[in-house]
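My structure is below; once you've seen it, I'll send some questions.
The values are calculated or read from the model by the stated rules, or taken from the named source; none is laboratory data. Source: prediction; values computed, not measured. Cβ placement follows ideal geometry from the backbone for every residue including glycine, while neighbour counts extend to all protein chains displayed.
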Amino acid sequence: MDSLLLGSFPKASLGGNSWRRENLKKICFSGSYTAVRVSRCREWDILQRYCAVGSLPPQQRKHHNTGTKENSTSYRRHKKFLVNATAGHPLDSEPGAYNAKNVWNTMKNATDAFYRFSRPHTVIGTALSIVSVSLLAVQNLSDFSPLFFTGVLEAVVAALLMNIYIVGLNQLSDIDIDKVNKPYLPLASGEYSVGTGIMIVTSFVVMSFWLGWIVGSWPLFWALFISFVLGTAYSINVPLLRWKRSAVVAAMCILAVRAVIVQLAFFLHMQTHVYKRPAAFSRPLIFATAFMSFFSVVIALFKDIPDIDGDKIFGIRSFTVRLGQKRVFWTCIWLLQMAYGVAILVGATSTFMLSKCITVLGHAILASILWSRAKSVDLTSKAAITTFYMFIWKLFYAEYLLIPLVR
């Protein structure tokens, strides 16, 4: 760029050195570099000498170039100054600044890709459910001890590691389908190679089992093992497996993990392993298991509504493909409304006034919001259906905030 710029200056016959000096001043000192003008006097002198050489006769120019190697060397050393000034780059930029920016961008992109790979709505749901169910084992304030928080942390970390294995394996098995349904996922978009995906899911499942083993809690270990078996059978494409191809079996897998394993196994982890108490199935635990059975069925049905195009292409016979989006959508809404109705009745029979007021009012509000949102959904828009699916997960989170208050 500097050679083109200097070559575009006219010769001495068109204004000579005075023209060159004036235009170089405009180039070098225009823009936002007023603060560094004084510190660049040496560069200005070098450029003046360079322009002067261009206006000399050929013989004198040759003599001048031979006798002033230092000046030409200095010019080459400071070419970057002219290029930066004309291109509008900061004069004091260093290669390290660009390297640091590239490293930051690389880290940011890697974090974003892993965030999408981990399916964060499932991660949040798993963490909230375990914390909520663990609170059901609390009988008095003295139970909130370091032992309680350690037990919850062990369960949450081990379960999240297994959760990422399950959702990662599902993406590895559904790359072609996700290119149609969810092209933003790292494997479908090409951000992750298949080898990278395999490395991630393998390392996470190993870490999950390792943590479950060293904790020494049998309820926790069996929760991880059953989740591993069902999650693998649900996704992996081998004979007799890939149960997601059957709508009923797929729904049963999700119900078994979300409604049964999470409620019972993690409650027993806190009850028997952390607190060393005998196993007991309380009223709140039975309510949580029953309510989440409804919710798990809804999630299993609703997740296929926005994915109908890819499922049709690749032969996944989901309920949405068989019955249509509208029928499955309203089936899910009525199932949730029934669940909220039962929850209101359970709350109304509580002997604790605070529990009664919060659970009845809370479930009534959630049911009203659900009905209001459902009536405004455009079932012809995939974006609208996907947004409403994420709203279903928010209701899922809200329920786990209410479950510990059911007494």
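Any chance the range 387-401 includes a residue that's surrounded by fewer than 18 Cβ atoms within 10 Å (Cβ to Cβ), in contact (Cβ under 8 Å) with a residue 40 or more places away in the chain and farther than 30 Å from Tyr184 by Cα?
yes
Check Ile214, Ile226 and return the single one that is among the β-branched types (Val, Ile, Thr) and within 29 Å of Gly315 (Cβ to Cβ).
When all the criteria are applied, what remains is Ile226.
Give the range 234-244 a look and list any residue that's under 27 Å from the mean Cα position of the chain (by Cα) and surrounded by fewer than 17 Cβ atoms within 10 Å (Cβ to Cβ), or say none.
Ile236, Asn237
Do we find that Thr289 is out of contact with any Asp or Glu (no Cβ under 9 Å at 6 or more places or on another chain), of a type outside the set (Asp, Glu) and in the same structural domain as Thr386 (by TED's automatic domain parsing) in this structure?
Yes: the conditions hold for Thr289.
Could you tell me whether Arg373 is surrounded by fewer than 19 Cβ atoms within 10 Å (Cβ to Cβ), touching a Pro at 6+ places or on another chain (Cβ under 8 Å), under 22 Å from Met292 (Cβ atoms) and not aromatic (Phe, Trp, Tyr)?
Answer is no for this residue.
Do you know which residues across the range 219-249 are aromatic (Phe, Trp, Tyr) and either touching a helix residue (DSSP H, G or I) at 6+ places or on another chain (Cβ under 7 Å) or not assigned by TED's automatic domain parsing to the domain that holds Val167 (or both)?
The answer is Phe221, Trp222, Phe228, Tyr234, Trp243.
Do you know which residues across the range 204-220 are more than 26 Å from the chain's Cα centre (by Cα) and touching a residue at least 12 places away in the same chain (Cβ under 8 Å)?
Once the filter is applied, which keeps residues that are more than 26 Å from the chain's Cα centre (by Cα) and touching a residue at least 12 places away in the same chain (Cβ under 8 Å), the range 204-220 yields Val215, Gly216, Ser217, Trp218, Pro219, Leu220.
If Asn237 passes every condition in (1) polar (S, T, N, Q); (2) under 22 Å from Trp393 (Cα atoms); (3) not in a helix (DSSP H, G or I) but one, which one does it miss?
All conditions are met except number (2).
Return the total of residues in the range 167-198 being of a type in the set (Asp, Glu), closer than 17 Å to Thr386 by Cβ and surrounded by fewer than 18 Cβ atoms within 10 Å (Cβ to Cβ).
Qualifying residue count, the range 167-198: 0.
Moving on. Across the range 133-166, what is the total count of residues that are buried (at least 22 other Cβ atoms within 10 Å of the Cβ) and part of a helix (DSSP H, G or I)?
11
Can you find, within the range 293-341, the residue that is surrounded by the fewest Cβ atoms within 10 Å (Cβ to Cβ) among those that are within 26 Å of the chain's Cα centre (by Cα) and farther than 16 Å from Ala250 by Cα?
Per the criteria, the residue is Asp309.
Does Leu187 satisfy being assigned to a helix (DSSP H, G or I), under 14 Å from the mean Cα position of the chain (by Cα) and assigned by TED's automatic domain parsing to the domain that holds Thr122?
Yes; evaluated as a whole, the condition is true for this residue.
Would you kindly identify the helices (runs of 4 or more DSSP H) lying entirely within the range 292-407 that contain at least 3 residues that are closer than 28 Å to Asn170 by Cα and touching a Phe, Trp or Tyr at 6+ places or on another chain (Cβ under 8 Å)?
325-348, 382-402
Among Leu361, Leu323, which is without any contact (Cβ under 8 Å) to a residue 40 or more places away in the chain and under 26 Å from Val262 (Cβ atoms)?
Leu361
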